[in-house]
Amino acid sequence: VYLLFQGLRQISQRTISTASRRQFENRVPEKQKLFQEDNGIPVHLKGGVMDALLYRVTMGLAVFGTAYVVYELLVASMPKKQK
């Protein structure tokens with residue numbers, strides 16, 4: 001059990017030390033400026049083209065889903081034809 005614990009600890013230390021060597025550029029300040037800017041654009045669209053695309057796809061699916069549910073409710077509410 002002790003050897004297993006030691007092995008897991010060494011693996012976790014290697015992973016952490018390897019990950020800490022990679023340097024990533026800190027983009028938080030520029031993102032904060034972008035999202036806090038008062039330019040009349042809703043915050044859910046300030047991320048650019050991908051945010052707008054994701055918003056439109058989501059709204060389209062919501063409208064389609066609502067219409068489909070209403071259609072199915074209408075079909076379910078109609079009596080079946082007798083043969």
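Taking GLN13, is it modelled with pLDDT under 90 and open to solvent by 100 Å² or more (accessible area, probe 1.4 Å)? Working first, answer last.
Working: modelled with pLDDT under 90: yes; open to solvent by 100 Å² or more (accessible area, probe 1.4 Å): yes.
The answer is yes for GLN13.
Candidates are the residues of the range 28-83 that are charged (D, E, K, R) and open to solvent by less than 90 Å² (accessible area, probe 1.4 Å); the one that is nearest to the chain's Cα centre (by Cα) is ASP51.
The values are calculated or read from the model by the stated rules, or taken from the named source; none is laboratory data. Note that the structure is predicted; figures quoted are calculated from it, not measured. These area figures cover heavy atoms from the full protein model, side chains too; ligands, DNA and RNA do not enter into them. Shrake-Rupley method; radii C 1.70, N 1.55, O 1.52, S 1.80 Å.
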